[in-house]
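Throughout, read-outs are computed from the coordinates displayed, never taken from laboratory work. Predicted, not measured: the structure shown is a model, and the values here were computed from it. Cβ placement follows ideal geometry from the backbone for every residue including glycine, while neighbour counts extend to all protein chains displayed.
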Amino acid sequence: MNGKVVLLLTICIAVVFACCSSEPEGPVTRQFIDSLAYGVKVGDTRVDTFEVSASTISVPYGIGSSSLLRIGEIQGIVFEAILLSIDISAGSAHAGTQVSRAILSFPVRVADTTLSVTCHELLQGFEDDDTISAVPPYDPLAIPDSTGGTARILGLEDQDFSIDTSLVRRWLQGGGERLNLAVIWNEERDPKGFIEMQAREYESEPVVFRVDFADGTADTFPVAGDYSIASFESEGLDCVGGVATRIHFTFSLDDLDERAMIHNSYLVLTVKGEVGLGVTPGDDRILLLPSDFYYYLYTPGSSNPANPLFLGGTEVDNGSFDAALTQVLKLPLRGFTADVTQGGRVNTGLVLESDLETVRIQRASFHEENNDTISKPYIVVIYSLPADFIGGP
């Protein structure tokens, strides 16, 4: 092949590549760019907020068994009574023996005041793994002490309550297996205060019932079950463990652009730290438990609190925070928001509960109003819109 042929082939190849080039000045691509057929408007990122309605819901759960018994009031949580189930099955061995003294001993460990209480016989038994939310029926006549009095005082140290000996003799000769008692905080509830003592579950120095007999013998009857009865009356947005109080949040996301590509979304709450409670003093000093409030956020199986499906559902988030610190919380909603907006989930709202609801006393409260420094609950959604193709005709 001579030089002229090679030169001719090289020129032809160069012309072909020039015609196929993607450079703007190329004769093929230039006409599409000039006509805006390939024009693209980039989508933007947006932040939208949505109003939330919230209400406090009480559910029928008590705290069940616990390492500490409580009576009194702390941060609005009222401990009305302590229930005791005492094993007196061994009492038949003392049938006919005169009782010289009987003592119900309370191992108080934490107290910030003295409280007036009375002791009563329960009309029915209980188990310490129950979830009782109210004091069971009891004999309204208080159990007298050795002098016939019924008023008792609990304070800052171990307390021994004497029991009328004739009454104790009747109990032991009655052939029963259990003696079921209630120690009830007097209705006056004045002064307010709070007392904690070790429970049977603590496995060290629980409440005991000691009886001395006239023949010089003595016996100690163990507590087979114990329980603290607590109540809570909410005046705002409160989430309480031990007294099962949850918050139901309802809202609509219908105004969110249907093209939204969601990056993040949050339930935003402002904590009222002045009334928050992570642990009671005994949990802190005796059990050495961490003081954070542990929460569980879920979307319920029904939007109706009266429906049993409301009590359970799909987890959205869980974690912990300092309930005694005023702060803004942002609870991530993860895939919940996208599921709702894309039609994959019915919006039944969100429910916040204590993740230790039947295990530990704790309280978190949240603001309901708007002002310059605090906000009522709301949902924030961060999302992008898709790019718009703006090509010509």
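Under 10 Å, Cα contacts only: if you run a Gaussian network model on the chain, which one of 372, 219, 164 comes out with the highest mean-square fluctuation? Of the options given, 372 has the highest mean-square fluctuation. Can you find, among 136, 358, 222, the residue sitting farthest towards the positive end of the charge dipole of the chain, where Lys and Arg contribute +1 and Asp and Glu -1 at Cβ? It is 358, whose Cα lies furthest towards the positive end. Each residue of the stretch 138-150 was assigned a 3J(HN,Hα) from its phi angle through the Karplus curve 6.51 cos²θ - 1.76 cosθ + 1.60 (θ = phi - 60°); the sequence is 9, 5, x, 7, 5, 6, x, 8, 5, 9, x, x, 10 Hz, with glycine and proline shown as x. Toward the positive end of the charge dipole of the chain, with +1 on the Cβ of Lys and Arg and -1 on the Cβ of Asp and Glu, the farthest Cα among 289, 273, 309 is that of 309.
Debye calculation, C-alpha points only, no solvent: report log10 I(q)/I(0) for the stretch 157-281 at q = 0.18, 0.21 Å⁻¹, in the same order as the q values. The calculated log intensity ratios at q = 0.18, 0.21 Å⁻¹ are -1.23, -1.45.
Here's how it looks for residue 69: its modeled amide H is under 5 Å from those of 197, 198, 199, which are all 5 or more places away or on a different chain.
Its Cα centre serving as origin, the chain has a Cβ charge dipole (Lys and Arg +1, Asp and Glu -1) of approximately 1140 debye.
Please determine, in degrees from 0 to 90 and to the nearest 10, the orientation of helix 3-19 with respect to the longest principal axis defined by the Cα atoms of the chain, where the helix direction is its Cα long axis. The angle comes out near 50 degrees.
If I compute semi-axes √(5λ) of the Cα gyration tensor in Å from the structure I just sent, which labelled value in [x] 37, 23, 21; [y] 32, 26, 22; [z] 73, 21, 17 lines up? Among [x] 37, 23, 21; [y] 32, 26, 22; [z] 73, 21, 17, the one derived from this structure is [z]. Each Lys and Arg contributes +1 and each Asp and Glu -1, all at the Cβ; summed about the Cα centre of the stretch 68-232, the dipole is approximately 340 debye. The H on the amide N of residue 263, modeled in the peptide plane, is under 5 Å from the matching H of 382, 383, 384, each at least 5 residues off or on a different chain.
The stretch between residue 320 and residue 153, if pulled fully straight at 0.36 nm per residue, gains 56.4 nm over its current Cα-Cα span. Taking the dipole about the Cα centre of the chain, with the C-beta of Lys and Arg at +1 and of Asp and Glu at -1, give me whichever of 244, 381, 113 is farthest to the positive side. Going by the charge dipole, the pick is 381.
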